[in-house]
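A.B. asks: Dropping a structure here in structure tokens format, bear with me for questions.
Quick note: the coordinates plus some simple rules give every number you see, no bench work behind them. Source: prediction; values computed, not measured. All Cβ positions, glycine included, derive from the backbone under ideal geometry; neighbour counts span all protein chains shown.
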Amino acid sequence: MSILEIAQDNRFVSVERGFLVISHHREELGRIPLDMLDAVIVTGHGITYSNNALLKLCQHDVPVIICGENYHPAGIVTGMALHYKQTERLEYQIAAGKPLKKQLWKTIVQHKIRHQMYALERAGKHSKSFETLLNKVRSGDPDNIEAQAAQRYWKRLFGTGFNRDPNENGINAFLNYGYAVIRGAVARFTVGSGLHPSIGIHHHNKLNAFCLVDDLMEPFRPLVDRTVFALFAPHFSHTELTLTPDYKKQLAGILERPIYTAGEESTVNNGIQKFVWSYVESLSSGKCLLLEFEEKE
């Protein structure tokens, strides 16, 4: 499986006999089987699509992630009727009470902080103070420990002069791209599980149709952070690195990184699928059953 990026301007996207075809001025530039795609990331300008291309991508459960400046996702095109129990899952989401949602969010925040700690440790940074924050997370995170951890985390990982700003270049652009990869995978498995992506656990924004995706991807963000740190570590004297195709390939490769989920070895991509499914089981049982994953070195 693979992620296709359309980075060059004025490309035309169509389908032919089970292949996604990229053309320029009626000249075919390349094609890839639809069955091999995990996601399509669009960063170029002036891209046009045939209606049939978008239809087939939706039918094959392949999200199309449209990025704006600095590779920050502006939207996602994905299928909406990919699971035979979609109505049942929607009813579960609507019926989920505040106590369950608060417990789910507490668990997500704790998972995220644990992986932030691991990212710091692998980067040779101190993470001891994060244990105190981890123990302070309460149901629903009313004290916003997630934000407190993030404030310390960014400064410790990338230095005191760093600010997480999606509109900035350098490290921020790399993070944007890596998060787009994770977000696409989470969106794919969320919709593919019959869940409605706009009904979130914690995120609530009438302008965001993927609140649930943004909730469920939180524990996986530090995987991107650690990868970006490793890419920038030799270059911190000139942090305006350009996001080249090689760097993009390394960030997209995060999905194939080995991890352990519920004691079983898998990839990040499979781990995301299992995590989303554990959310479905949490909704159906009324109990927080979210799975934790461990990174494998």
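A.B. asks: So who's got an amide H within less than 5 Å of the one on Ser2, skipping anything under 5 residues away but keeping other chains? H placed 1.01 Å off N, in plane.
C.D. replies: Residues meeting the amide H criterion: Leu37, Asp38, Ala39.
A.B. asks: May I pose another question? So how much slack lies between Ala95 and Gln8, counting 0.36 nm per residue of separation and subtracting their Cα-Cα distance, in nm?
C.D. replies: Values: separation 87, 0.36 × 87 = 31.32 nm, distance 4.47 nm.
Gain on stretching Ala95 to Gln8: 26.9 nm.
A.B. asks: Tally Lys/Arg at +1 and Asp/Glu at -1 over every other residue whose Cβ is under 14 Å from the Cβ of Lys106; what's the total? Spell out each step's value before the answer.
C.D. replies: Values: positive: Lys98, Lys101, Lys102, Lys112, Arg114, Lys136, Arg138, Lys287; negative: Asp141, Asp143, Glu146, Asp215, Glu218, Glu292.
Net of charged neighbours comes to +2.
A.B. asks: Now for a separate question. Out of residues 5 or more away from Tyr49 or on other chains, whose amide H comes under 5 Å of its own, with H placed 1.01 Å from N in the peptide plane?
C.D. replies: The list, which skips near neighbours in sequence, is Val13.
A.B. asks: Take Leu134, Leu175, Leu29 and order them by how many other Cβ atoms sit within 10 Å, fewest up front.
C.D. replies: The order, fewest Cβ neighbours first, is Leu29, Leu134, Leu175.
A.B. asks: Over segment 2-62, what is the percentage of antiparallel beta bridges among all DSSP beta bridges, to the nearest 5?
C.D. replies: Numbers: 11 of 18 bridges.
DSSP beta bridges in segment 2-62 are roughly 60 percent antiparallel.
A.B. asks: Measuring from centroid to centroid over Cα atoms, what is the spacing of segment 160-204 and segment 59-119 in Å?
C.D. replies: 10 Å
A.B. asks: Can you list the DSSP H helices in the chain whose Cα atoms extend at least 30 Å along the helix axis and whose mean Kyte-Doolittle hydropathy is 0.5 or higher?
C.D. replies: Values: long enough: 98-122 (36 Å, -1.00); 171-192 (32 Å, 0.80).
Helices meeting the criterion: 171-192.
A.B. asks: With labels modelled as points extended 7 Å from the Cα through the Cβ direction, what inter-label distance (nm, one decimal) is found for Gln151 paired with Asn51?
C.D. replies: With each label placed 7 Å out from Cα toward Cβ, I get 5.2 nm.
A.B. asks: On to the next question. Please get the size of the charge dipole for segment 86-295, origin at its Cα centre, with Cβ charges of +1 on Lys and Arg and -1 on Asp and Glu, quoted in debye to the nearest 20. List each step's numbers first, then the result.
C.D. replies: On the way: 26 positive and 22 negative charges, 87 e Å.
Result for segment 86-295 is approximately 420 debye, rounded to the nearest 20.
A.B. asks: Further question: By how many nm would the segment from Glu264 to Ser129 lengthen if fully extended, with 0.36 nm per residue of separation less the alpha-carbon distance? The partial results should precede the final answer.
C.D. replies: Values: separation 135, 0.36 × 135 = 48.60 nm, distance 2.99 nm.
Stretched out fully, the Glu264 to Ser129 stretch lengthens by 45.6 nm.
A.B. asks: How much length would be gained if the chain were fully extended between Gln86 and His25, taking 0.36 nm per residue of separation minus their Cα-Cα distance, in nm to one decimal?
C.D. replies: Values: separation 61, 0.36 × 61 = 21.96 nm, distance 4.06 nm.
Using 0.36 nm per residue and subtracting the Cα-Cα distance, I get 17.9 nm.
A.B. asks: What does DSSP give for the chain in terms of the percent of beta bridges that are antiparallel, rounded to the nearest 5? Show your work: numbers first, answer last.
C.D. replies: Details: 22 of 32 bridges.
Bridges in the chain that DSSP calls antiparallel: roughly 70 percent.
A.B. asks: Mean residue ellipticity at 222 nm from the helices of the chain, using -39,500 (n - 2.57) per DSSP H segment of n ≥ 4 over the full residue count, to the nearest 500 deg cm²/dmol? Walk me through the numbers on the way to the answer.
C.D. replies: On the way: 10 runs with 133 residues, N = 297.
Counting only the DSSP helices, I get -14500 deg cm²/dmol.
A.B. asks: Among Phe130, Phe19, which comes first, then next, by fewest other beta-carbon atoms within 10 Å?
C.D. replies: Phe19, Phe130
A.B. asks: Of the peptides 40-47, 119-126, how do they stack up when ordered by the mean number of other Cβ atoms within 10 Å, highest first?
C.D. replies: Result, highest mean Cβ count within 10 Å first: 40-47, 119-126.
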